[in-house]
Amino acid sequence: MNTIPYSASLAEHTSYLLARARGLTRNEADARDLVQDTCVHALEALSRMDTPPENLRGWLLVVMRNHWFNIVRHHRVRAVARAELTSRDSFDSGLFETRAVYRQVERAWNQLPDQAREIAHQCLFDGDSHEDVSRRFGITPGGVATSIHRTREQLRHVMFGA
């Protein structure tokens, strides 16, 4: 597929993506980098697709959100690894704080309803598609997306009281 016609369509959505990226990153420079990375990933993916997604804006948002989650996950893993290495030499208050946060996350996760926890785990950690998970649980893909959204909101509420 030729991505040149989609470059113009992609450009129409950059201001929307930038606004959403600001909400994710809470930093203007990081938001701009995230949008740029999203556009690169999207153009690469569009070149491999036979037909473009029907809802380009929604698809771009999913690409951006997933890329952001990967960045955050990567930074957390590096922080934990760095803390582990540091703790072998001396006491590190950062490691103590990291472990406390993980305990807090674990407590919040365990407070979730079993089905919501399992749906979120399969989609967010195992990488299963909403369609696959919806077939397993006998709900619609939209129901899976709603469950994941509610799970995130419950975790945010338990963790931060917001």
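So that you can scan it fast, the table gives a plain yes or no per residue for (1) in contact with an Asp or Glu (Cβ under 8 Å, 6 or more places away or on another chain); (2) touching a residue at least 24 places away in the same chain (Cβ under 8 Å); (3) at negative phi; (4) not small (Gly, Ala, Ser):
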| residue | (1), (2), (3), (4) |
| --- | --- |
| Leu24 | no, yes, yes, yes |
| Cys39 | no, yes, yes, yes |
| Ala45 | no, no, yes, no |
| Asn55 | no, no, yes, yes |
| Gly58 | no, no, yes, no |
| Val62 | no, no, yes, yes |
For residues that are at pLDDT below 90 and either in a helix (DSSP H, G or I) or farther than 20 Å from Arg73 by Cα (or both), tally how many sit in region 117-129. 7
When you look at Ala31, is it in contact with a Lys or Arg (Cβ under 7 Å, 6 or more places away or on another chain) and either surrounded by fewer than 15 Cβ atoms within 10 Å (Cβ to Cβ) or modelled with pLDDT of 90 or more (or both), yes or no? yes
When you check Ala19 against the structure, is it among the aliphatic types (A, V, I, L, M), surrounded by fewer than 16 Cβ atoms within 10 Å (Cβ to Cβ), at pLDDT 85 or above and part of a helix (DSSP H, G or I), yes or no? yes
Among the residues of region 89-102 satisfying the criterion of being surrounded by 12 or more Cβ atoms within 10 Å (Cβ to Cβ) and among the charged types (D, E, K, R), which is modelled with the lowest pLDDT? Asp92
Selection from region 103-162 of residues loosely packed, with under 12 Cβ neighbours inside 10 Å and under 15 Å from Phe69 (Cβ atoms) yields Phe125, Asp126, Gly127, His149
Test Val158 against the stated conditions and say whether it is assigned to a helix (DSSP H, G or I) and at pLDDT below 85. yes
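The values are calculated or read from the model by the stated rules, or taken from the named source; none is laboratory data. Please read these numbers as outputs of a predicted model, since none were measured by experiment. Cβ coordinates were reconstructed from backbone atoms using ideal geometry, including for glycine residues, and neighbour counts include every protein chain displayed.
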